[in-house]
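Structure first, commentary second.
The values are calculated or read from the model by the stated rules, or taken from the named source; none is laboratory data. Here the structure is a predicted model, which means the values were calculated and not measured. Cβ placement follows ideal geometry from the backbone for every residue including glycine, while neighbour counts extend to all protein chains displayed. What goes into the accessible areas is simple: the full protein's heavy atoms, side chains included, and nothing from ligands, DNA or RNA. Shrake-Rupley method; radii C 1.70, N 1.55, O 1.52, S 1.80 Å.
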Amino acid sequence: MRLKTLEINGFKSFAQKTVLEFNNSIVCVVGPNGSGKSNVVEALRYVLGEQSMKSMRGKSGLDLIFKGSKSLSKGSRAGVTIYFDNSDKVFKLSNSEGGEINLNYETVSISREVYSDGLNKYILNGSEVRLKDIHNLLASVNIGSSGHHIISQGEADRILNANMVDRREMVEDALGLKIYQYKIKESERKLERTEENMKEVTLQRRENAPHLNFLKKQVEKFEKAKEMQADLAILYKEYLSKESVYLENEKNTLSLQKDKLKSELENVASKISATEDNNSAEGNKKINALRVVEGNLNSIRGMKSEMERKLGRIEGMIEMETRRAEQNIAVVEISQEEIKAVIADINNSIDEAISKNDVSEVKPILERIKSILKKFSSQNTEKSGENIEIKNLKQSQQEILEEMKGIESKEKDIAKSAELLKQEINKEMEALRDLEREKFTWKVRQQELSSALELTAIKEGNLKSRTEAFLNEIKEGVALIGQEILAYKDEVAEALLPPAGGSKASATTQEELKRKIERIKIKLEDAGLGSGAEVLKEFKEVSERDGFLAKEMEDLAKSIESLEKLIADLKEKIDLEFKEGVRKINVEFQEFFSLMFGGGTGSLSIVVENKKKRKNEFEEDESVDVESSGESKEEIVFEKGIEINVSLPHKKVKELNAFSGGERSLTSIALLFAMSQVNPPPFLVLDETDAALDEANSRKYGDMLEKLSKHSQLIVVTHNRETMSRAGVLYGVTIGSNGASKLLSVKFDEATAIAK
Ligand code: ATP
């Protein structure tokens, strides 16, 4: 890497485009006072990102733009471009991940422009970049931002005047440790951001947690309910299929029973009506006939007893007549004809009586018979003789006896037929009673069957309500679980119909199933999961988000860990390299110091200093921390500083303050050169650093320049002949009457002339 060219255009007194080529390792810029030599150095500072206006002798960017003169109008823009040879590809840029990429350009150009409106731009190989990128880029080639490699006029002893901490920074810069400082700062900023992110994520997770928990519980509930639904579906299928089978069987059984009962009832009814039809008129006829026969028997018996009375009277009369005849006399004679006529008369009457059925009709006949007998008896008395009378009486007796014989035989006949009738009637009555008994039995059966039929009707009623309940259960089941429960039908189709009436065991199973179903239904109702799908969806989203955040936390924790490690590593590296660097600087410093002063000692030592530090002190101006900018907290930090220890030969003075201007100048040159030797910068700018040197020291200075130029390009602004004599290229700067600086390449003799 090498400095190639510097292009100055509109910057300060360089109104026109001016180009400096750095073809030699020592380039001197010479010219009279006020010609613009220092403006060249400032152009370099400027293009390398200098932020301090003071170090460029201005108040604002406007002061950097050519202000115009009597003959030239003022500029609207100041631009400086520096070109580096990058054929060895050492320029590096940090990328956003903290890594570095080598710039693949042969030439790296950095431009900085400032406009009259204050706009400031950095351009790297044609692309606008940030100041930070410029700093990173330059740090990668050991061009630090502290500007230790550019020693402005009168600033040689800046390092002597600086406090210990600032001095340490300059040393760090010179040692090329600035790049690690940037990395630390960058990592610390990242760490802070990461920690903030972590806090935010933690907060978010904490905020989400109750909702997530709530959703989780809901989902658990929902899943439990889903399980219950699944259980319910199984129970439902079993219950419904069994119920369906049961109902079908019951229906068939009842219908069969009913048919059977009905047909039996019909049969019984026909049996009963048959017994009623058989109720005989025949029996009644016989009873009526018996009544007639018994009437006849009674009247015959009446007649018989009448006869017996008549016979008794006749026998009494015969006895009385016989006794009187024996005592007295004659017996009245009664003719045979008369007796025959009376008997015939009575016989006729009796026949008539016999022929009568009704007893009441027999009575007048009997009266007539009586009067016939009375008339005959009085005739007998009137006409008589006693013998006739007895004869007649005996006749009558005989006749009556005859008649009695006839009546008795008739009585016997009638009694016999009555007895026959009675026997027949009894027989029939017996048959009738049997029939009644049979009828009663059928009636009982009929009653039984009717009851059974009624029971069937009740059962049918029950079956109907059970069927309705079954249908309702299906509706409810579909509402609770869905159409899938209708699949019970498949099971029904497969199910074998159990034997009719044998459903008692299954009925208890059904009751148990029903109870289980009801219990689950109640639990499901309690769960009250109307919008389960939404809850699931939300839970998924929220838990995914939480998972994402958890993952992020993990990642953040990991990056915090690695950042902390990186910072610690970098700090350790800086610490080590710093110590080692200071040791090396001391070797060089001692050498340069004794060379300059012809003896004596010079060294740096590392000290630790307590310092109150504003927390945002190291924040870069472009990334203002909003939180801490309001109230900047102070904290005590232990900071390392650099102390310079010197002792001059033959002198007791050890305080730098007590040194002469020349001594200070020599000391600082020795130190600056020592620092440059350890980690040589690509170039070193020295603006009249040699101003205070006498001739002898100027030679020593010149020797040191040559030594330094082996490792770094030197751009030296000087009035010193000795110094000029060491230059390979000399540029003369003059300022014309137009107020613009002019640059020209000159020979040594011309240069010494111009310098005057
Ligand atoms: P010396 O040898 O005395 O240190 P020098 O050569 O270093 O002088 P500079 O200090 O670089 O001179 O130049 C200063 C000159 O630049 C002054 O004349 C000043 O007027 C001029 N100058 C500074 N800023 C501007 C500007 N913005 N526009 C025009 N001229 C400017």
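Tabulated values for the structure
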quantity: Length added when fully stretched, His711-Phe548, from 0.36 nm per residue minus Cα-Cα; calculated: 53.3 nm
quantity: Magnitude of the charge dipole, region 1-84, Cβ model with Lys/Arg +1 and Asp/Glu -1, debye to 20; calculated: 240 debye
quantity: Set of aspartates and glutamates near Lys540 by C-alpha distance (under 13 Å), chain-local residues within fewer than 8 positions excluded; calculated: Glu220
quantity: Built amide H within the under 5 Å cut-off of Thr107, gap 5+; calculated: Asn86
quantity: Peptide ranges 216-225, 702-711 listed from the most packed, as the mean C-beta count within 10 angstrom indicates; calculated: 702-711, 216-225
quantity: Solvent exposure, largest accessible area first (probe 1.4 Å, DNA, RNA and ligands not counted), of His148, His719, His650; calculated: His650, His719, His148
quantity: Tilt relative to the chain, helix 504-527 - C-alpha long axis, 0 to 90 degrees, to 10; calculated: 40 degrees
quantity: Two-site label geometry, Lys226 and Ile606: point separation in nm, points 7 Å out along Cα→Cβ; calculated: 6.4 nm
quantity: Alpha-carbon centroids, region 687-745 and region 517-589: separation in whole Å; calculated: 59 Å
quantity: Per-residue HN-Hα couplings for region 447-454 [Karplus 6.51, -1.76, 1.60; θ = phi - 60°; Hz; x = Gly/Pro]; calculated: 4, 4, 5, 4, 4, 4, 5, 4
quantity: Under 5 Å, built H, 5+ apart or other chain: amide partners of Lys4; calculated: Tyr83, Phe84, Asp85
quantity: Sites matching trypsin sites (Lys or Arg not before Pro) across region 101-199 that sit in DSSP coil, with at most 14 neighbouring C-beta atoms within 10 Å; calculated: Arg130
quantity: Accessible area of Phe673 in the full protein assembly, 1.4 Å probe (Å², nearest 10); calculated: 0 Å²
quantity: For the chain: accessible area per residue (Å², 1.4 Å); calculated: 55 Å²
quantity: Ser111 - accessible surface, heavy atoms, 1.4 Å probe, Å² rounded to 10; calculated: 20 Å²
quantity: Calculated from backbone phi, Karplus (6.51, -1.76, 1.60) coupling profile of region 704-716 in Hz, x at Gly/Pro; calculated: 5, 4, 5, 4, 5, 5, 5, 10, 9, 6, 10, 10, 10
quantity: Rounded if a/c under 1.5, otherwise prolate or oblate - region 133-267, Cα gyration tensor axes; calculated: prolate
quantity: Listed residues Leu453, Leu671, Ser741: farthest to the positive end of the dipole of the chain (Cβ charges); calculated: Ser741
quantity: Glu266-Lys475 FRET efficiency (beta carbon distance; Förster radius 51 Å; 0.05 resolution); calculated: 0.80
quantity: Spacing of the two label points (7 Å from each Cα toward its C-beta) at Lys190 and Arg324, in nm; calculated: 18.8 nm
quantity: Region 19-36 and region 648-667: distance between their alpha carbon centers, rounded to Å; calculated: 31 Å
quantity: Cross-link reach list, lysines versus Lys92, counting only Cα pairs under 22 Å and skipping chain neighbours closer than eight places; calculated: Lys4, Lys121, Lys132, Lys178, Lys183, Lys185, Lys190, Lys571, Lys573
quantity: Cβ charges +1 (Lys, Arg) and -1 (Asp, Glu), total dipole of region 394-490, debye; calculated: 80 debye
quantity: In Å², nearest 10: area of Tyr180 left accessible to a 1.4 Å probe; calculated: 40 Å²
quantity: Carbon/sulfur fraction of accessible area - region 251-452, other protein chains in place, 1.4 Å, %; calculated: 51 percent
quantity: Computed E for Asn462/Phe440 - FRET, C-beta separation, R0 25 angstrom, nearest 0.05; calculated: 0.15
quantity: Charged-residue dipole, Cβ positions (Lys, Arg, Asp, Glu), the chain about Cα centre, Debye nearest 20; calculated: 2840 debye
quantity: Spatially proximal lysines relative to Lys394 (Cα-Cα < 25 Å; intrachain offsets below 8 disregarded); calculated: Lys304, Lys310, Lys340, Lys370, Lys374, Lys375, Lys383, Lys405, Lys410
quantity: Peptide ranges 593-599, 309-315 listed from the most packed, as the mean C-beta count within 10 angstrom indicates; calculated: 593-599, 309-315
quantity: For the chain: rounded, prolate or oblate by the Cα gyration tensor [a/c cutoff 1.5]; calculated: prolate
quantity: Antiparallel DSSP beta bridges within the chain, percent to nearest 5; calculated: 80 percent
quantity: Distance (nanometres) between label positions extended 7 Å along Cα→Cβ at Asp88 and Lys363; calculated: 18.3 nm
quantity: Options Gln336, Ala15, Phe539, ranked by Cα towards positive dipole end of the chain, top entry (Cβ charges); calculated: Ala15
quantity: Backbone HN-Hα couplings from phi across region 222-229 [Karplus 6.51/-1.76/1.60, Hz, Gly and Pro as x]; calculated: 4, 5, 4, 4, 4, 4, 4, 4
quantity: For peptides 245-254, 43-52, sequence by mean Cβ density within 10 Å, most packed first; calculated: 43-52, 245-254
quantity: At most 11 other Cβ within 10 Å, DSSP loop - GluC sites (Glu not before Pro), region 95-195; calculated: Glu97, Glu106
quantity: Förster radius 41 Å - calculated FRET efficiency between Glu294 and Lys374, Cβ distance, rounded to 0.05; calculated: 0.80
quantity: Cα centroid separation, region 169-211 to region 213-263 (Å); calculated: 66 Å
quantity: Evaluated over region 251-452, the Cα radius of gyration and Dmax, each in Å; calculated: 31.9, 116
quantity: Shape category assigned to region 527-614 from the gyration tensor of Cα positions, a/c cut at 1.5; calculated: prolate
quantity: Accessible area, probe 1.4 Å, largest first, for residues Thr441, Thr467; calculated: Thr441, Thr467
quantity: Ellipticity estimate at 222 nm from DSSP helix runs (n ≥ 4, -39,500 (n - 2.57)) divided over the chain, nearest 500; calculated: -22500 deg cm²/dmol
